[in-house]
Amino acid sequence: METIRRHAEDFIRTRLAPANPPNDGRQTPMRGHPVFKAQHACACCCRGCLAKWWKVPRGTEIPPERQVRIVDFLMAWIVREAGCSG
Ligand SMILES: [Zn+2]
């Protein structure tokens, strides 16, 4: 779970946090990593979803404390999905 959390932090920081992330709307594959699945389930896959469900304004960088909250949320989902506490 440590590793997965680190990946989640990386994905959020590099693919979602920048003000204008590259390929926004398509930066999160549907499969390939548990975090990707969680991002779609939690509406954390692109800035459009984040704006709609998380009220994160588009065109601004996501502040670090907000990124932590998103990662916490994703990890809680992954743990629940895996049916264990990792
Ligand atoms: Zn999305």
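The values are calculated or read from the model by the stated rules, or taken from the named source; none is laboratory data. Values in this document were obtained by computation on a predicted structure and should not be read as measured data. FYI the Cβ positions are ideal-geometry reconstructions off the backbone, even for glycines, and counts take in every protein chain you see. With ligands, DNA and RNA removed, areas are computed over all heavy atoms of the protein, side chains included. Shrake-Rupley method; radii C 1.70, N 1.55, O 1.52, S 1.80 Å.
A count restricted to segment 10-52 and to residues that are touching a helix residue (DSSP H, G or I) at 6+ places or on another chain (Cβ under 7 Å), within 13 Å of Met75 (Cβ to Cβ) and surrounded by 15 or more Cβ atoms within 10 Å (Cβ to Cβ) stands at 8. Of all residues in segment 36-59, those satisfying the criterion of being without any contact (Cβ under 8 Å) to a residue 24 or more places away in the chain, more than 8 Å from the ligand (Cβ to nearest atom) and of a type outside the set (A, V, I, L, M, F, W, C) are Lys52, Lys55, Pro57, Arg58.
Scanning segment 59-85 for residues that are modelled with pLDDT under 95 and open to solvent by 70 Å² or more (accessible area, probe 1.4 Å) yields Arg80, Glu81, Ser85.
Contact annotation: residue pairs with Cβ atoms under 6 Å, 6 or more positions apart or on different chains, pairing a residue in segment 1-18 that is acidic (Asp, Glu) with a partner that is assigned to a helix (DSSP H, G or I), are Glu9/Val71.
Tally up the residues in segment 77-86 that are part of a loop (DSSP other than H, G, I, E, B) and of a type in the set (A, V, I, L, M, F, W, C), please.
Narrowing segment 77-86 to residues part of a loop (DSSP other than H, G, I, E, B): 83-86.
Then drop every residue that is not of a type in the set (A, V, I, L, M, F, W, C), which leaves 84.
Adding up the residues that qualify gives 1.
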